[in-house]
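Heads up, the thing below is written out as structure tokens.
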Amino acid sequence: MKKTIIVIAAILVVGLIAGAYLMNPSTQRIIDKYILSKEEPPPSRPVEPEKWIYVLADGTGSTYGTYAIPKVTSKWLGDILNEMYKTSGGRLYLSHIDRDSRNNQVLYVSVPKEFIPSPKPIRKAGEISFEYTKRLNIWKGSLIHMKSDSTDIANEYSKAKAKFLNDCSTLLEKKVYIKSPDNQWTDIIGILNASFITMKNEQGADAVKYVVGFSDFIQDAPHLKKIKLDSIPYNLQLLAVNPVQNSSKKITNDVVELEHPQRVIEIIFSQ
């Protein structure tokens, strides 16, 4: 009789433990960690949307002389590309401001997101040994291909980055930051309107979009007095790298003014 009672009690205890394990996540985690020695899987990370950044270099008038507007540099563009590659992937554009910016050259590069091979799978709560071993073997079999894909993407990015930065250096040195009749006046409206069109026409509803102007955002081209600034797209943020902030002459107040190029990187890649 005593044995029967003990057996029934043991069954009840096991049943209660099993029920708590299956129905209560907290109990399940405790049993997995301290009794079954299973690791808890890491929380899944949300997919970060792509960053699309349209950079405007301004070498007109006294922009970077009298007013000390920082210059766009290849190093800064390279830092932007590396941040994109490590975090989200995206698109980077470079154009410039002159006396009539409506059809100026635009450089462009598409940036992939860095491919990191998936980590070794962790045994799930309640997963039998056979099922876990099967998943582990599949992961081991695909690891070589994943490493190969990672290397291929890294190499493609490195080549695209080198070409883009070389083209940017040529544009900045031979077209933007020089004294020329084209750089005597500033048409910031023309280039902003062109950048808005590009951002609106490109497909990618989930992308986070920025136009970054290294400029005081003051229009002074006398032959373009009738030109008007288009509406800023609702999903685009306008940034200005401009130490001389809060000018009453700038063409729009819907712009975040930053004093240093590094602040642009902090703003964009901390959101």
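The values are calculated or read from the model by the stated rules, or taken from the named source; none is laboratory data. What you are looking at is a predicted structure, and each value in this text was computed from that prediction instead of being measured. With ideal geometry, Cβ positions are generated from the backbone for all residues, glycine too; neighbour counts draw on all protein chains shown. These area figures cover heavy atoms from the full protein model, side chains too; ligands, DNA and RNA do not enter into them. Shrake-Rupley method; radii C 1.70, N 1.55, O 1.52, S 1.80 Å.
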| request: Confirm whether Ile197 is at pLDDT 90 or above, out of contact with any strand residue (DSSP E or B) (no Cβ under 9 Å at 6 or more places or on another chain) and open to solvent by less than 20 Å² (accessible area, probe 1.4 Å). | output: no
| Given the structure, is Gln184 open to solvent by less than 80 Å² (accessible area, probe 1.4 Å) and not aliphatic (A, V, I, L, M)? | no
| said: Checking the structure you have, find out if any residue of the range 67-80 is among the polar types (S, T, N, Q), at pLDDT below 95 and open to solvent by 10 Å² or more (accessible area, probe 1.4 Å). | reply: no
| Residue under evaluation Tyr93, criteria (1) open to solvent by less than 50 Å² (accessible area, probe 1.4 Å); (2) at pLDDT below 95, criterion not met | (2)
| said: Condition (residue is over 26 Å from the mean Cα position of the chain (by Cα), buried (at least 19 other Cβ atoms within 10 Å of the Cβ) and modelled with pLDDT of 90 or more) applied to the range 204-215: is it met by at least one residue? | reply: no
